[in-house]
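Q: What follows is a single structure, and I will ask about it in a moment.
The values are calculated or read from the model by the stated rules, or taken from the named source; none is laboratory data. These numbers were taken from a predicted model, which means no experiment stands behind them. Positions of Cβ are backbone-derived with ideal geometry, glycine not excepted, and every protein chain shown enters the neighbour counts. Accessible surface areas use protein heavy atoms only, side chains included; no ligands, DNA or RNA. Shrake-Rupley method; radii C 1.70, N 1.55, O 1.52, S 1.80 Å.
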Amino acid sequence: MSDTSLRMGQTRPEPAARPWEGAEIVLGVRDLRVSYYTPRGPVRAVNGVSFTLRRGEAFGLVGESGSGKSTIALSLLQLIKPPGRIEGGQALLDGKDILSLSEEEMRRLRLAEIALITQGAMNSLNPVMRIRDQIIDAWRDHGEPVNCREAEDRIRDLLRWVGLRPEVARMYPHELSGGMKQRAVIAIAISMRPKVIIADEPTSALDVVVQRQIMQTLRRIQRELGAAVILIGHDMGLMAQFVDRLGVMYAGKVVEVSPVRDIFKDPLHPYTQLLIASLPSLARKGQLQGIPGLPPSLLSPPPGCPFHPRCPFVMDRCRVAVPLLELKRPNRLVACHLYERDEEQA
Amino acid sequence: MTTLLEARKVTKVYGGGLFRRDRTVALEDFSLRIEPEPPSITAIVGESGSGKTTLARLLLGMTMPTAGAILYQGKDLRTLSRREWRAFRRDVQAIFQDPYEVYNPFYRIDHVLHTPLKKFGLVKSEREAQQRIVEALQAVGLRPEETLGRYPHQLSGGQRQRVMVARALLVRPRLIIADEPVSMVDASLRATILDSLRALTRDFGVSLIYITHDLITAYQISDNIIVLYRGSVAEAGHAEPVVQEPQHPYTRLLIGSIPLPDPDRAWSEEQEPSEIGRLADASTGCTFANRCPYAMEMCLERHPPLYQTERYRVTACYLYRESPLLASEHLDEAFVRPGVAGPAVATSGAADDSTAGA
């Protein structure tokens, strides 16, 4: 009980610039495979994804629609519904494979150890329940004895932590603005001090000014809590501002993982390079350069590297051999044959 | 030369009636003129509640103003004959944020593309129609073989948006009013689509009113930007100075909030409203005063008028009250005219009227 209850005023010291370095691994995802069985055949939405998450770090998974990023979030909480199916892989949370847990074990794990904040999370609030009752509900659901007086105090602290006034406890969701609702959702998500928070496009429905406020709140809470965050999204700007390390997804695979500064300064995978070049900037006007071509159909992905049909540096072996995600530079993983060739020449 | 489309001192109020408290002023005293020549791209930027979608609906004649008028070629939309209305429908095309509603669910996607070609007599043969449709779909990154023959519900939101852009490319109207046309499209493709819209202006003389919350893409494609805040113009003028050196505290907040794709340029912290700003009641003075770090006594009394702070910029803020006033109905006098040798950097007094000759 004591280690899940909120202790205010016990703020952790500001983390070092690279909080993840040297920290232990809290979540290790290995060769995750998820398919959706459609009438037209199986869609390999997540096709062998591996990554690690260190305690206290902010890790980003960026990808365009259909790249599989949200499916990863749902798999980690065992929320994949038929016709979707987790076909293989492991996700070790503190050494325990959460993909093999029973439904009851998983239910207890959610919120207590791993929490999800989604895109439409604002709409996941129960419209006919006051905010305080929804928080208490979540606690009860996880078998925490809730004594009334103590609960009031904890809820007040919790709301203050996410930047909400104490009065919000007695309000219904419709009385709150979009940003306030998202704060309430964050309050519920962190109420049991999870080790891992998965935030899947947490601000995509909000205006930029509110987005910044919410993301800055989330970052502050993450640091104080010492939790690791997986931020899932499509907005490279948000990634640049929020995460420590970034994984880039394409067609169900992770094609590059690097510290975020390295990715923006020197992207290795050709897809990452084109993606960054396609971002409209405030610095240069008149540059609107998209990536030619379209992502492959996941019903019949191309052989070899999934990006080869659009890749400006395509070679013969890219058409036949799937490149593996490997360490090609210090701290940098990339799945691309270009770098193997570089190494051979070197 | 008759102005193609004009909003003249338009105000739109929702609700209200007997109970004045229920009144929501969606747009207040807004004026804009779109001339047929030269073709221009005007961005209207605002967050939710800014009135930008109300403005789109007004300009398209989908709702009528509470005060003021929308004029198509000098005539009030309310007084157009059936024939004039038909010409308006052809000349001014819309692209919407979620275009699901504009599709008839019983018709295949082909229908929405074929109809305007036939109705406006834009093609000579069925083969030409087919060819132009295929080209237009490819231009917005859709595979014709995976799009044609499908029903609207079989496409994603982003795909439906792109079909609407393709339709606009096919019809080649004189003005496109696009309300968040690429909000559901991935970044790598968004650039491609915006570029095809820009090409439409450059190559075919189609003007564009680009309505969005996204200041970066607005900056990328537009000549002039109008920043709306809660129904009023906060700042407007040449895109370059408005974005590079924003004046209005709201524009500064908006630009400071954009998550830049550069880890070395960190988000700034939001400034708190001033002591006086905290007292502000948005119903009387400046609508931004209650969030403004610079709010002064005078900001609580009356909403600020437009000050022409530079040749090509107006700002509705008392911080710039030393600058000359510009009547709201002459807003577009602070706009650069594309094609005419534009100002490199427009600073007050540095450029004279000759550079803006329409």
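Q: Taking amide H positions as placed in the peptide plane 1.01 Å from N, state which residues far from B:Leu208 in sequence (5 or more) or on other chains have amide H under 5 Å from it.
A: When sequence neighbours closer than 5 places are left aside, the close amide H contacts are B:Ser40, B:Ile41, B:Thr42, B:Ile176.
Q: What does the charge dipole of chain A about its Cα centre add up to, to the nearest 20 debye, if the Cβ of each Lys and Arg holds +1 and the Cβ of each Asp and Glu holds -1?
A: Value, rounded to 20: 540 debye.
Q: Under the Karplus relation 6.51 cos²θ - 1.76 cosθ + 1.60, θ = phi - 60°, what is the ordered set of whole-Hz ³J(HN,Hα) values for the range B:229-236, x standing for Gly and Pro?
A: So the J values, rounded to whole Hz, are 9, 6, x, 10, 6, 8, 8, 7.
Q: Ordered by residue, what ³J(HN,Hα) values in Hz, to whole numbers, does the range A:172-178 give under the Karplus form 6.51 cos²θ - 1.76 cosθ + 1.60, where θ = phi - 60° and Gly and Pro are x?
A: 9, x, 5, 7, 9, 6, x
Q: A further question follows. Given the protein assembly as shown reduced to its alpha-carbon atoms as identical point scatterers, what log10 I(q)/I(0) does the Debye formula return at q = 0.05, 0.06, 0.08 Å⁻¹?
A: Each listed q maps to, in turn, -0.27, -0.39, -0.70.
Q: Now a separate question. Starting from the amide H of B:Leu4, placed 1.01 Å from N in the peptide plane, find each other amide H under 5 Å away whose residue is 5 or more places distant or on another chain.
A: Those qualifying (amide H under 5 Å, at least 5 residues apart or on another chain) are B:Ile34, B:Glu35.
Q: Could you go through the range B:137-154 in sequence order and give the Karplus-derived ³J(HN,Hα) for each residue, using 6.51 cos²θ - 1.76 cosθ + 1.60 with θ = phi - 60°, rounded to whole Hz, and x for Gly and Pro?
A: 5, 5, 4, 9, x, 9, 7, x, 5, 9, 10, 5, x, 8, 9, x, 6, 7
Q: How many percent of the accessible area of the range B:41-163 is carbon or sulfur, using a 1.4 Å probe?
A: Carbon and sulfur together cover 48 percent of it.
Q: On the protein heavy atoms, probe 1.4 angstrom, tell me the percent of accessible surface of chain A carried by carbon and sulfur.
A: 51
Q: Where does chain B land on the Kirkwood hydrodynamic radius, alpha-carbon pairs, in angstrom?
A: Computed over chain B, the radius equals 21.6 Å.
Q: Using a ≥ b ≥ c from the Cα gyration tensor of the range B:238-290 (square roots of the eigenvalues), is it rounded, prolate or oblate, where a/c under 1.5 gives rounded and otherwise the larger of a/b and b/c decides, a/b for prolate?
A: It comes out oblate by the Cα gyration axes.
Q: Sort largest first and round to whole Å: the equivalent ellipsoid semi-axes of the range B:1-83, each the square root of five times a Cα gyration tensor eigenvalue.
A: So the equivalent ellipsoid measures 25, 16, 9 Å along its semi-axes.
Q: To continue, here is another question. Just how large is the dipole of the protein assembly as shown about the Cα centre, in debye to the nearest 20, putting +1 at every Lys and Arg Cβ and -1 at every Asp and Glu Cβ?
A: Here the protein assembly as shown has a charge dipole of around 1640 debye.
Q: In chain B, once you exclude exposed GluC sites (Glu not before Pro) (DSSP loop, at most 13 other Cβ within 10 angstrom), what's the longest stretch remaining?
A: Value returned for the longest uninterrupted segment is B:1-268.
Q: Quick check: the angle from helix B:157-171's long axis to the longest principal axis of chain B, C-alpha only, nearest 10 degrees?
A: 80
Q: On a 0 to 90 degree scale, rounded to 10, what angle separates helix A:208-225 from the longest Cα axis of chain A?
A: Computed tilt is about 80 degrees.
Q: Measure nothing but the geometry: give the 0 to 90° angle between the long axis through the Cα atoms of B:82-91 and the longest principal axis through the Cα atoms of chain B, rounded to 10°.
A: With rounding to tens, the tilt is 80 degrees.
Q: Which cross-chain or sequence-distant (5 or more) residues have an amide H under 5 Å from the amide H of A:Val255, H modelled 1.01 Å from N in plane?
A: A:Val248, A:Met249, A:Tyr250
Q: In nm, what is the difference between 0.36 nm times the number of residues separating B:Gln138 and B:Arg83 and their Cα-Cα distance?
A: 16.5 nm
Q: Let me ask something additional. Set Lys and Arg Cβ to +1 and Asp and Glu Cβ to -1, take the dipole of chain A about its Cα centre, and tell me which of A:Leu225, A:Met215, A:Gly28 lies farthest positive.
A: With unit charges placed on the Cβ atoms, the residue in question is A:Met215.
Q: Something else about it: How much of the pair distance distribution for chain A lies past 38 Å, counting alpha-carbon pairs only, in percent?
A: Here the long-distance tail beyond 38 Å is 19 percent of all Cα pairs in chain A.
Q: Using the charge dipole of chain A (Lys, Arg: +1 at Cβ; Asp, Glu: -1 at Cβ; taken about the Cα centre), state which of A:Leu275, A:Ser177, A:Pro145 has its Cα farthest towards the positive end.
A: It is A:Ser177, whose Cα lies furthest towards the positive end.
Q: At a probe of 1.4 Å, how much accessible area disappears from chains B and A on forming the pair, both sides counted, to the nearest 100 Å²?
A: 3700
Q: Moving on to the next point. Can you give the net charge of the other residues whose Cβ lies under 11 Å from the Cβ of A:Gly252, counting K and R as +1 and D and E as -1?
A: Net charge around A:Gly252: +4.
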